[in-house]
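Quick one: this structure, given as structure tokens, is what I'll be asking you about.
The values are calculated or read from the model by the stated rules, or taken from the named source; none is laboratory data. Fair warning: this is a prediction, and the values are worked out from it, not measured in the lab. Heads up, the Cβs are rebuilt from the backbone with ideal geometry, glycines too, and the neighbour counts pull from every protein chain shown. Keep in mind that these areas ignore ligands, DNA and RNA; they rest on the heavy atoms of the full protein, side chains included. Shrake-Rupley method; radii C 1.70, N 1.55, O 1.52, S 1.80 Å.
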Amino acid sequence: MNKTITIIMILLFANLSHSQNNYSDLWKSVEKFEVEGLPESALEVVETISKKGEKDGNNVQRIKALLFKSKFALILEEDAQSKIINDFKTQISRSEFPTKNILESLLANLYWQYFQQNRWQFYNRTKTLEKVDKDDFRTWDLQTLFDEISFHYQNSLKQQLLLKLEDLKNFDELLILQKDSKTYRPTLFDFLAHNALEFYTTDENSITKPAYKFEIDNEQFLNDAKSFSQLDIVSKDSTSLQLQALKLYQDLIQFHVKDESPYALADIDINRLLYVKQHATFSDIDTKLLETLKAESNRLKSHEVSALYDFEIASLYIQQGSTYQPTINEEHRWKMKEAMA
């Protein structure tokens, strides 16, 4: 009986290995055709991978194939951008968690990239009460496009509790891997949230603001990580990119504040502090920032990650020290020395 089970297990693992190798061989063919300048042939192989992924229920391969189909469509087809967007929408409507979340993030990113490549067109358009053409994003005004981007990023972050349980290693096939990067982005939630933050922390600020626009006008936004995680961040200005950025920073900090390892928390916390410093409208920003940086460095002094906070303290001292002028402005005379220390 035990011998029979062993044989069955060997056959199962052999079939699994063969299946994975099939994908690997197919992707090598795609790469070969691409290097040889044969996108049509590469696309044919990608279509084969897509159908195989659909049949096998391999959603990672489905997503990867969709990305490559989009890439080759831009080379081979006129008016490809609209078709690519529609393909993503179709796949989203057919998918479930977590594939749906990843596709929502990718779709938001496609819109965002299009804006970055064509921003002058959007800045020259008058805001409309409704979409000129609900299916053609190229005709939308700036606010409409940004609302759509935000909508899809928010969709990508639905079911947060489940996203936090999804190990990012399960999606390596879709990533450009960097050594130790998962120390800072261990879960699918981390990855998707940071993708969204790239949009919400943009400096694009020419959208018409309401009279009650949200501003980073509270020095509590520079509190230590634990205190910041407990703040009630609300505003009537729901379209504010800064508001959404702070709420996402808070979500990530709440997620990591109890981690045994402090790397992911320190990374997102420092990014949050620097973002607030850049956009804050209250006074004496540097004093409050230094207070928090020193407190966090001291809290983590037994761990090497405290050096990240020390580096930011030194950077701030350098900025202050650069304003020193003998007999004219001597307030920060010794800041370069403090930075070195």
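So with the 1.4 Å probe, I'd like the accessible area per residue for the chain, rounded to whole Å².
Numbers: 19660 Å² over 341 residues.
Solvent-accessible surface per residue comes out at 58 Å².
Tally Lys and Arg at +1 and Asp and Glu at -1 over the other residues with C-beta under 11 Å from the C-beta of F122: what net charge comes out?
Numbers: positive: R119, R125, K127, R138; negative: D141, E204.
Overall, the nearby charge balance is +2.
Set the Förster distance to 45 Å, then compute FRET efficiency between I75 and L161 from the Cβ-Cβ distance, nearest 0.05.
On the way: r = 40 Å, r/R0 = 0.90.
Once the sixth-power term is evaluated, E becomes 0.65.
Something else about it: Can you work out the FRET efficiency for the pair A307 and T202, with r the C-beta to C-beta distance and R0 = 35 Å, to the nearest 0.05?
0.75
Something else about it: If I fit a long axis through the Cα atoms of helix 39-56 and take the longest principal axis of the Cα atoms of the chain, what angle between them do I get, 0 to 90°, rounded to 10?
90 degrees
Please work out how much accessible surface E47 shows to a 1.4 Å probe, ignoring ligands, DNA and RNA, in Å² rounded to 10.
70 Å²
Helix 241-256 sits at what angle to the longest principal axis of the chain, using alpha carbons and giving 0 to 90 degrees rounded to 10?
80 degrees
At a 1.4 Å probe, what is the % contribution of carbon and sulfur to the accessible area of the chain?
The nonpolar share, carbon plus sulfur, comes to 51 percent.
A follow-up question, please. Quick check: with the 1.4 Å probe, what order do D203, D259 take by accessible area, largest first?
Descending order: D203, D259.
When only C-alpha pairs under 8 Å and at least 6 residues apart count, what is the relative contact order of the stretch 227-319, in percent?
Averaging sequence separation for qualifying contacts and normalising by length gives 18 percent for the stretch 227-319.
Also, quick follow-up: Let me cross-check T183: its accessible surface, 1.4 Å probe, with only protein heavy atoms counted, in Å² to the nearest 10?
Accessible area of T183: about 60 Å².
Where the centroid of each part is defined by its Cα atoms, how far is the stretch 285-341 from the stretch 46-108 in Å?
47 Å
Rounded to a whole number, what is D in µm²/s for the stretch 89-199 from Stokes-Einstein with the Kirkwood radius over alpha-carbon pairs (20 °C, 1.002 mPa s)?
141 µm²/s
For the full complex of protein chains and a 1.4 angstrom probe, list L197, L161 by accessible area with the highest value first.
The residues order as L161, L197, largest area first.
Which lysines, if any, have their Cα less than 25 Å from the Cα of K213, not counting same-chain residues under 8 positions apart?
K127, K131, K236, K247, K277, K288
What's the angle, to the nearest 10 degrees (0 to 90), between helix 2-35's Cα axis and the longest principal axis of the chain?
70 degrees
Among I270, T287, S315, whose Cα sits farthest toward the positive end of the charge dipole of the stretch 190-341 (+1 at Cβ of Lys/Arg, -1 at Cβ of Asp/Glu, about the Cα centre)?
T287
Which value, in debye to the nearest 20, gives the size of the charge dipole of the chain about its Cα centre, when Lys and Arg are +1 and Asp and Glu are -1 at the Cβ?
560 debye
Restricting to Cα pairs below 8 Å that are 6+ residues apart, what does the relative contact order work out to for the chain? Please round to a whole percent.
9 percent
What relative contact order, as a whole-number percentage, does the stretch 268-335 give when Cα pairs under 8 Å and 6 or more residues apart are counted? Don't jump to the answer; show the numbers that get you there.
Working: 38 pairs, mean separation 14.0, N = 68.
So the answer I get is 21 percent.
Right, here's the next one. When Lys and Arg each count +1 and Asp and Glu each count -1, what net charge do the other residues less than 13 Å away from K213, Cβ to Cβ, add up to?
Surrounding charge for K213 is -1.
Another question, then. Taking the Cα centre of the stretch 183-305 as origin, sum charge times position over the Cβ atoms of Lys and Arg (+1) and Asp and Glu (-1), and report the length of that vector in debye to the nearest 20. If you can, show how the numbers build up before the last one.
On the way: 13 positive and 20 negative charges, 30 e Å.
Here the size comes out at about 140 debye.
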